[in-house]
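The values are calculated or read from the model by the stated rules, or taken from the named source; none is laboratory data. In this text the structure is predicted, and so the values were computed from the model without any measurement. A quick note on method: Cβ atoms are made from the backbone with ideal geometry, for glycine too, and the neighbour counts reach across all protein chains shown. When the accessible area is computed, the model is the full protein with side chains, heavy atoms only, and any ligands, DNA or RNA have been set aside. Shrake-Rupley method; radii C 1.70, N 1.55, O 1.52, S 1.80 Å.
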Amino acid sequence: QLSIRDPLTDLYNRRHFNKRIKQEVARSVRTREGFAILLCDLDNFKSVNDRRSHQFGDKILESVARSIQQATRDADLVFRWGGDEFVVVLLVDDRPGILQVTDRIRKAVTDLGVAEGFELDVSIGIALYPEHGSDTEGLIRLADRALYIAKRRGDKVHIGEEEYELDDDIVRTVFQPIMN
């Protein structure tokens, strides 16, 4: 039990994720049903530890873990990825259903913050199997990139690849006159 569980939150750990995700890929191939990987990261959690204490931060992490589990179905898998990051494997592949779950997760986390007397929120990056890839490492990398986009843009939830916005940092206009 200790080899597959996080001792603080009692969620499955990262090591167990690697085993279970292979099983989910095999199930998806067999049933032709996809799934979603949600990479969840608490916003500004470092300030909670700095202002209140690490023991208080641990209590919040335990509560967040329970909140995420309650916001998902029993069939879905919830993992402690490390630090203040969690991974949820949703056994559903339709975007509206996924977004409903992300709304429930975000509401549960923000409600927890209100109950504890401080602002608490979560950003979520999402990768879909098989739409965004078929190997675990690629899906996690894409979910991590989507998480970065969600945090950078401030929209809290992002699915898949970045849609590029054209701005001065991306496009540079170069003028080269043609002369006879």
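Per-atom-type breakdown for the chain gives carbon and sulfur 48% of the accessible area (1.4 Å probe, protein chains only). Counting Lys and Arg as +1 and Asp and Glu as -1 over every other residue whose Cβ lies under 13 Å from the Cβ of residue 122, the net charge comes to -4. Using the Cβ atoms and a cut-off under 10 Å, what net charge is assigned to the surroundings of residue 36, where Lys and Arg are +1 and Asp and Glu are -1? Net charge in that neighbourhood comes out at -3. Checking every one of the GluC sites (Glu not before Pro) in segment 81-143 against DSSP loop status and a limit of 11 other Cβ atoms within 10 Å picks out no site at all.
Think of a 1.4 Å ball rolled over the protein heavy atoms: segment 25-133 then has 48 Å² of accessible area per residue. Applying a DSSP loop filter and a limit of 10 other Cβ atoms within 10 Å to the trypsin sites (Lys or Arg not before Pro) in segment 14-60 leaves 32. In the chain the longest region clear of chymotrypsin sites (Phe, Trp or Tyr not before Pro) that are loop-assigned by DSSP and have at most 15 other C-beta atoms within 10 Å covers 1-117.
Give me the net charge for the shell around residue 21: Cβ to Cβ below 12 angstrom, other residues only, Lys and Arg +1, Asp and Glu -1.
Local charge sum for residue 21: +3.
From the square roots a ≥ b ≥ c of the eigenvalues of the alpha-carbon gyration tensor of the chain, which class results: rounded (a/c under 1.5), prolate (a/b over b/c), or oblate? In terms of gyration-tensor shape, oblate.
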